[in-house]
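Below: one structure, written as structure tokens.
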Amino acid sequence: MLTRKAHFMMLSPAYFTEVIELFCPTHHYDRPPPLVPMHLTTKKLILVILMLTKLYDFNLGSVTESSLWRSTDYGTTYEKLNEKVGVKTILSYLYVSPNNKRKIMLLTDPEVESSLLISSDEGATYQKYRLNFYILSLLFHPEQEDWILAYGHDQKLYSSVEFGRRWQLVHERVAPNRFYWSKLGLDKEPGLIHLETKALYVTCKLQNCTEANKGKPFPGYIDPNSLVVQDEYVFVQVSTGGRPIYYVSSRRDVFTPMKLPKYTLPKDLHVISTDENRVVAAVQEWNQNDTCNLYVSEAGGIYYTLALENVMSSMGPEGNVMIDLYEVAGIKGMFLANKKLNNEVKTYITYNKGRDWRLLQAPSADLRENRIHCMLHDCNCSAPLSIGSIGAELTSSNVSMFITSDAGNTWRQIFDEEYSVLYLDQGGALVAIRHTPLPIRHLWLSFDEGRVWNKYSFTSSPLFVDGVLGEPGEETLIMTIFGHVSHRSEWQLVKIDFRSIFNRRCIESDYVPWDLHDQGERCLMGVRRVYRKLKPIARCVMGKTYSVTMISEPCDCTESDFECDYGFERRADGKCTPAFWFLPSSMSRTCTTEHTYLNSTGYRKVVSNNCTGGVIEQYTARRHLCPSQAPRGLHLVTSEGKLTATIASNVTFLVFLEEGDGSKTSITVDFGDGNAFTYSNVSSIEDGIKHIYKNVGIYRVSATAENSLGSETVLLFLHITCQLESIHLSTPFVAVKNKEVNLTVVLSPSQVGTVTYIWWFGNNSEPVITLEGSVAFTFSREGISIVTVQVSAGNTILQDRKTIAVHEYFRSHLLAFSSNLDDHNPDVAEWRLDVSRVIKTSMVQVMNPEQLLVTVLPGLPTAAEFFLLSDKQLTEGKPDKTLSELVLSALNQNLVQFTLRPGVQITVYAAHLSAAPLVDTSENHSGSAMLMLLSVVVVGLAVFLIYKFKRKIPGLHVYAAMQDEKEQEMIQSPVSPTDSTPSCSSQRELLTSLEPLDTEPNTQTIGEYYTVHSTLKRFFY
């Protein structure tokens, strides 16, 4: 039995008292235990294992202890290294340099301390370094072993060229996981970094990322978290009008929009692969939810054709999208995919990178030799093994295990449950462990490609298996099983050495040749390949020097080596014909920047296909000289894809030409403000045209392409805006029932661009929308009415609200005050409300408070107005004239006074009857002198008030003046290039100098609630 031949070692439970997890295991279960790092590294056939264990306190909800273990005998014994890293140090992560396995980095728990430990001798010794930031993730350079990028918790990116011993800040506000190292042979410098910051794609140098040497390969803003740098391609996304536009740059060339079939209309796009100079993208289209379509590109990554429709997709545990597509390692061009067809999920296979797909063929019989008459419908694990089900469609029940030993042409069932399989000696032997939540103590071993399985015990007591660890690669003959006896027990490791069951090394007679084929077709991807395959009866060790391929020779090209070109679709007879939306002449668009173009035959060779001769001349696109033609398909957009910009900001215009000789076509851009520039050819404006607008308005921007054969012009209407800071709603305090009243909104600054006003009156549920800041309204009911206005300018919406008292009859009189009140008037709304309340309190001594309203007017000198309302029970709806005379008599006799603060007594007067107290409050003047002085002062005061408060006093004087003086909104603002650039603040200052408007802070952003007093104490706002 295996227990007598293989070497087993179970570690003592006393060695491990914490939770053990794998950091990067070669083979493991789908449900690894939480919080595990483990690393293996080999040197001269000696395997070093590093294991980081943690003790998690569920009561505290945190890790309280950690231990670092090291083995140099493939896990037979372990040394605890806590003394070398610090007894009280709590470790969180373990990293290994991908270029030098001897270099190890450990990160401490940032909740305790922010430090890292570095080893250069495979984890034998460590040096500790303090950090002034918390590391969330690390990115090692693909070639330079000491170069590292670290992403901090505060969105800052740091770099180190000394393997973490010293760090330097690279950039702030970097998007998470959107930073990349440069690639040798593509980027100009090896130390270049690609990153996304503040919705911009930026490149900068490793040790000198200053504004002066930053590069901006993409001219304009991109969608957040859209930058992808993968192999020789760079991808960004820009949304315009609610639709995403995807751009690609190949070999760091200029960005070009990705050309999917015209009516693809993607909701989302994910780059699946960029191997072998082509892009495989999964696109979720407008009518898909749980599926997506696969598209493949030519070498430039620009033009895409459909490879497979309705591939199953799902959301991963971290919000990432999972696509049911598997690329078979070691066999170029072979993929498996789960496709939804007629609401059933079926598995398809391709051998030529998606050019042709067919259903996966089910085995002829099951484990019990029962005949099967259907197709195999799920294959989503690593070949040559598969987890699947047999039936009309894929189901989660009745899951079985299948194996293929001829690259997917035929399949055999090996288990009727789910198992995890470890390959020994490059597939010369297979080890299977049951995937179950129950404890087990057996494993299965096969030496004949899974035809016969032998059952062995690997432990005396059942063990909950949590993972299997093997040497990196598939040459291993030693494996370690780790798990626990019970949920409360300590963790145990079981080491199994299979070397003793192989008694010799393989020789040539142990192999047989095998042709790779697809249902008998041996020319796949333009090549015929013959492999060496171990005989099922051979019991020998192949070793690391085993060579798989024997023969590889090209085939003559046939139609099957070509896929449909962009804009062409495959018919039922296999021929590629133009899609209904495609104009073949549009493929000559490269003539805008080049002198020749490729005239497509409707076909293109599958990328990485190595066929030669045959029909290659017939199907390959031919290069032609660009014809002379007038410009067509001129496009003018802003770099951000928006039709609005802020005053004094740099606006970048992009001009594209679809057809026409770009080298001989001039481009003229008229910015609509009196400035226009002409460029000699299209290539001179590839990076965009920048312009600054100096005034708010709507500008008619035009671009004209012209050559000797004709011209074409395109227009763009650009809104230049200024940030709206505040609004002020001017209304009367009291309005007459059934009489029209003017309401006006004052903006600050006064010119902000296109503005929309939304008005709500009283309890009306439907608003009134206007483009003017004034509106006339008639209140038909008496009582309190609330007017709310919202002003929308660009992305800003501000709101103001006022309360109006509506009455059928009332009398109003102006009030004046002793001059000492002006010394204490800050001219703010809150102060006026409080003083209005105090004045009313002082006047109610001579009348019913329900019949009196008082409001203090803005500005200096301080003035107010009081309103006498009717008592309908006594006066039949009209104000009592006797009461009015009584109030005025009290005012003229200095009977209305109030105390503003200790020592400051204020007297209230009726300004329009007797203004003498404003000049002199003594009683020594004669009656005739008083009458003469009264006449002069009344006239002067009336003129002053009309001038001073023409926008503040209610009635026709206020609103007629405001309507006449309102400045018109500018539609087009041509200016001289020599004019200075005004800012929003300078415009506001100009407005303020012309007229002292009321600027109390009554405006708030929409969404907040503004409280109004329940009693009427305000006349004008």
- Single residue of Tyr221, Tyr201 found to be surrounded by fewer than 20 Cβ atoms within 10 Å (Cβ to Cβ), within 22 Å of the chain's Cα centre (by Cα) and of a type in the set (Phe, Trp, Tyr): Tyr221
- Item | Test: residue in segment 448-469 that is open to solvent by less than 20 Å² (accessible area, probe 1.4 Å), within 20 Å of Arg434 (Cα to Cα), basic (Lys, Arg) and touching a residue at least 60 places away in the same chain (Cβ under 8 Å) | no
- Per the filter on segment 711-736, residues under 31 Å from the mean Cα position of the chain (by Cα), over 16 Å from Gln799 (Cα atoms) and in a loop (DSSP other than H, G, I, E, B) are Cys722
- Given (1) in a strand (DSSP E or B); (2) within 28 Å of Gln168 (Cβ to Cβ); (3) not charged (D, E, K, R), index of the condition Cys209 fails: (1)
- Item | Total residues in segment 480-534, condition in contact (Cβ under 8 Å) with a residue 60 or more places away in the chain and of a type in the set (A, V, I, L, M) | 9
- Message: Take Met334 and tell me if it is more than 19 Å from Val271 (Cβ to Cβ) and either among the aliphatic types (A, V, I, L, M) or in contact with a helix residue (DSSP H, G or I) (Cβ under 8 Å, 6 or more places away or on another chain) (or both).
- Response: yes
- Message: Being touching a strand residue (DSSP E or B) at 6+ places or on another chain (Cβ under 6 Å), within 18 Å of Ile222 (Cα to Cα) and surrounded by 12 or more Cβ atoms within 10 Å (Cβ to Cβ): is that true of Tyr158 here?
- Response: no
- Message: I need the full set of residues from segment 289-309 which are of a type in the set (Gly, Ala, Ser) and open to solvent by 50 Å² or more (accessible area, probe 1.4 Å), in order please.
- Response: Ala299
- Message: Whether any residue in segment 816-831 is more than 30 Å from Lys642 (Cα to Cα), touching a Phe, Trp or Tyr at 6+ places or on another chain (Cβ under 9 Å) and among the β-branched types (Val, Ile, Thr) is what I want to check.
- Response: no
- Task: For Leu729, work out the one condition from (1) farther than 30 Å from Ser785 by Cα; (2) hydrophobic (A, V, I, L, M, F, W, C); (3) in contact with a Lys or Arg (Cβ under 9 Å, 6 or more places away or on another chain) it doesn't fulfil.
- Result: (1)
- Query: Within segment 737-755, which residues are of a type in the set (S, T, N, Q), within 26 Å of Ser780 (Cβ to Cβ) and either at pLDDT below 90 or assigned to a strand (DSSP E or B) (or both)?
  - Reply: Asn742, Thr744
- Message: Here is a check on your reading of the model: is Glu706 open to solvent by 40 Å² or more (accessible area, probe 1.4 Å) and either over 31 Å from the mean Cα position of the chain (by Cα) or at positive phi (or both)?
- Response: yes
- Go through (1) at pLDDT below 90; (2) not assigned by the TED database to the domain that holds Leu445 and name the single condition Glu563 misses. (1)
- Test each condition in (1) touching a Cys at 6+ places or on another chain (Cβ under 7 Å); (2) open to solvent by less than 40 Å² (accessible area, probe 1.4 Å); (3) closer than 30 Å to Glu617 by Cα; (4) of a type outside the set (Phe, Trp, Tyr) for Arg529 and report the one that comes out false. (1)
- Please tell me if Met550 is open to solvent by 60 Å² or more (accessible area, probe 1.4 Å), in contact (Cβ under 8 Å) with a residue 24 or more places away in the chain and more than 30 Å from Leu306 (Cα to Cα). yes
- Per the list (1) open to solvent by 70 Å² or more (accessible area, probe 1.4 Å); (2) modelled with pLDDT under 85, residue check on Glu21 breaks on (1)
- Can you name the residue in segment 449-507 that is small (Gly, Ala, Ser) and modelled with pLDDT of 85 or more and is also nearest to the chain's Cα centre (by Cα) among such residues? Gly483
- Residue among Thr713, Thr678 that is surrounded by fewer than 15 Cβ atoms within 10 Å (Cβ to Cβ) and under 29 Å from Leu583 (Cβ atoms): Thr713
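Considering only strands (runs of 3 or more DSSP E) fully contained in segment 579-689, which possess at least 3 residues that are modelled with pLDDT of 85 or more and within 30 Å of Leu524 (Cα to Cα)?
Values: elements: 596-599, 603-605, 622-625, 632-638, 644-646, 650-659, 666-670, 676-679.
Here the list reads 603-605.
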- Query: If you go through segment 784-813 one residue at a time, how many are more than 39 Å from the chain's Cα centre (by Cα) and open to solvent by 30 Å² or more (accessible area, probe 1.4 Å)?
  - Reply: 8
- Task: Scan segment 553-568 for residues that are open to solvent by 20 Å² or more (accessible area, probe 1.4 Å), part of a strand (DSSP E or B) and closer than 20 Å to Tyr351 by Cα and report the count.
- Result: 3
- Could you please find all residues in segment 799-833 being outside any loop (DSSP other than H, G, I, E, B), more than 27 Å from Ile906 (Cα to Cα) and of a type outside the set (A, V, I, L, M, F, W, C)? Gln799, Asp800, Arg801, Lys802, Thr803, His807
- Message: So, in segment 312-349, how many residues would count as being of a type in the set (Val, Ile, Thr) and buried (at least 22 other Cβ atoms within 10 Å of the Cβ)?
- Response: 2
- Does Glu686 count as open to solvent by 60 Å² or more (accessible area, probe 1.4 Å) and either under 24 Å from Glu640 (Cα atoms) or without any contact (Cβ under 8 Å) to a residue 40 or more places away in the chain (or both)? yes
- Query: In segment 618-657, what count of residues is obtained for those that are closer than 28 Å to Cys576 by Cα and surrounded by fewer than 15 Cβ atoms within 10 Å (Cβ to Cβ)?
  - Reply: 6
- Task: Hey, can you tell me all the residues within segment 405-444 that are in a strand (DSSP E or B) and of a type in the set (S, T, N, Q)?
- Result: Gln413, Ser420
- Note on the structure: Screening Ile222, Ile245 for residues that are closer than 23 Å to Ser639 by Cβ, free of Cβ contacts under 8 Å to residues at least 40 places away in the same chain and not in a helix (DSSP H, G or I) leaves only Ile222
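The values are calculated or read from the model by the stated rules, or taken from the named source; none is laboratory data. All figures in this text were calculated on a predicted structure; none of them were measured in a lab. Because the Cβ atoms are built from the backbone with ideal geometry, glycine has one as well, and the counts that use them run over all protein chains shown. Calculation scope for accessible area: heavy atoms of the full protein, side chains included, ligands and nucleic acids excluded. Shrake-Rupley method; radii C 1.70, N 1.55, O 1.52, S 1.80 Å.
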